[in-house]
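Contents: one structure, followed by commentary.
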Amino acid sequence: MKFLGLEDKVILVTGGNRGIGAAIVHLLQSLGAKVAYTYRNEPHPEIEAFAVQADVTDKTAMEMVIEQVEQKLGMIYGVVANAGVTCDRLFHKITSDDWDTVIDTNLKGVYHTFSPIIPKLYEQGEGSLVSITSISGERGNLGQTNYSASKSALIGLTKSLAREAARYGVRVNAVSPGFIETEMVQAIPDKVKERILAEIPLGRFGQPEEIAWAVAFLLSPIASRYITGEVLRVNGAHHT
Ligand code: NDP
């Protein structure tokens with residue numbers, strides 16, 4: 001039986017201490033990858049993986065993360081830019097701080113995550129980068145202009161970088177989750193959650209593991225080797 005070909009591949013996941021990121025770390029480990037993850041506040045209490053504290057808004061810190069992971073685990077094959085935040089507010093109430101926090105984390109943070117590794121992957125002649133965009137970036141959402149803008153921008157980044165990286169054997173894709181049961185969704189008021197749930201044909205929110213499997217597929221040098229510049233929707237048919 002063929003597996004996904006991730007055995008012994010070194011993979012870095014940002015924001016791997018909880019939510020979707022922790023599910024990704026856990027699954028990749030079970031598939032035999034050597035996984036490192038970043039956290040901002042507290043590492044995961046149970047997951048045993050190489051954990052580095054770093055804020056994705058800090059370019060120098062992210063450069064150091066790549067160095068530390070390579071020293072500890074060897075040459076990196078894959079990076080999952082998962083860390084993200086929301087600062088939800090209606091557009092007419094949004095502050096510059098709300099705007100900057102979300103754009104700096106969700107968009108510039110991905111630039112900081114991918115830019116130090118890209119030259120190394122080009123030299124290696126292989127690699128797979130995956131970012132986590134969102135259904136809100138595809139169809140918009142009330143109170144999420146900043147978040148939607150950051151996540152739509154990731155789709156453009158994915159498609160452009162995929163075109164640049166293809167000649168070096170490096171693939172770049174994104175997963176676009178619908179509403180997934182993590183602290184991010186738990187923060188949504190109950191009334192709004194009921195309205196969202198009624199719109200999801202599969203009749204439930206997604207689970208973090210369901211996003212992790214999509215990420216593992218896109219990282220795989222076997223299963224997705226002809227896929228790049230793609231946005232894989234995992235949303236229970238909650239389409240635009
Ligand atoms: P959580 O709020 O559960 O976790 C967010 C993660 O991002 C945490 O690990 C957090 O670290 C980390 N993080 C936040 N800001 C920074 C920062 N500045 N530097 C480093 N790490 C940071 O979110 P989810 O697991 O739900 O979301 C994960 C990704 O999936 C995000 O990009 C999100 O936008 C996206 N997504 C989520 C959906 C959902 O329904 N849950 C739907 C669509 C997309 P710490 O714990 O240390 O603060």
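No value in this document is a laboratory result; all are computed from the given coordinates. Quick caveat, the model's predicted, so the values are computed rather than measured. Please note: Cβ atoms are built from the backbone with ideal geometry, for glycine as well, and neighbour counts cover all protein chains shown.
Quick check: the angle from helix 145-165's long axis to the longest principal axis of the chain, C-alpha only, nearest 10 degrees?
The angle comes out near 30 degrees.
Along the Cα-to-C-beta direction of GLU46, a point sits 7 Å from the Cα; which residues of the stretch 9-30 have their amide N less than 17 Å from that point?
Answer for this model: 16-30.
Against the longest principal axis of the chain, how steep is helix 59-73, in degrees 0 to 90 to the nearest 10, with axes from Cα atoms?
Helix 59-73 sits at roughly 50 degrees to that axis.
What residues qualify as long-range amide H neighbours of ALA83, i.e. H under 5 Å apart, gap of 5 or more or another chain, H built at 1.01 Å from N?
Residues meeting the criterion, in which the H sits 1.01 Å from N, are THR14, GLY15.
List the chymotrypsin sites (Phe, Trp or Tyr not before Pro) in the stretch 1-110 that DSSP assigns to loop (not H, G, I, E or B) and whose Cβ has at most 13 other Cβ atoms within 10 Å. Which are they?
Of the chymotrypsin sites (Phe, Trp or Tyr not before Pro), the ones in loops of the stretch 1-110 whose Cβ has at most 13 other Cβ atoms within 10 Å are PHE3.
Report the trypsin sites (Lys or Arg not before Pro) located in the stretch 1-74 that are in a DSSP loop and have at most 13 other Cβ atoms inside 10 Å of their Cβ, or state none.
Sparse-neighbourhood loop trypsin sites (Lys or Arg not before Pro): LYS2.
Cross-link list LYS72/LYS159; LYS120/LYS159; LYS59/LYS120; LYS108/LYS159: which exceed 25 angstrom alpha carbon to alpha carbon?
Correct reply: LYS72/LYS159.
With +1 on each Lys and Arg Cβ and -1 on each Asp and Glu Cβ, and nothing else charged, work out how big the dipole of the stretch 10-234 is about its Cα centre, in Debye to the nearest 20.
620 debye
Using 7 Å Cα-to-Cβ label points, what is the LYS159/GLU183 separation (nm, one decimal)?
Placing both labels 7 Å beyond Cα along the Cβ direction yields 3.4 nm.
Counting only residues 5 or more places away or on other chains, whose amide H sits under 5 Å from the amide H of ILE180 once H atoms are built in the peptide plane?
Under 5 Å from the amide H of ILE180 lie the amide H atoms of GLY206, each far enough along the sequence or on another chain.
If you average the C-alpha positions of the stretch 126-183 and of the stretch 59-91 separately, how far apart do those two centres end up, in angstrom?
Going from one Cα centre to the other spans 15 Å.
Counting other Cβ atoms within 10 Å of each Cβ, which GluC sites (Glu not before Pro) in the stretch 1-71 have at most 10 and sit in a DSSP loop?
Listed in order of number, the matching sites are GLU7, GLU46, GLU48.
Multiply the residue separation of GLN68 and SER30 by 0.36 nm, subtract the distance between their alpha-carbon atoms, and state the gained length in nm to one decimal.
In short, 11.4 nm is gained.
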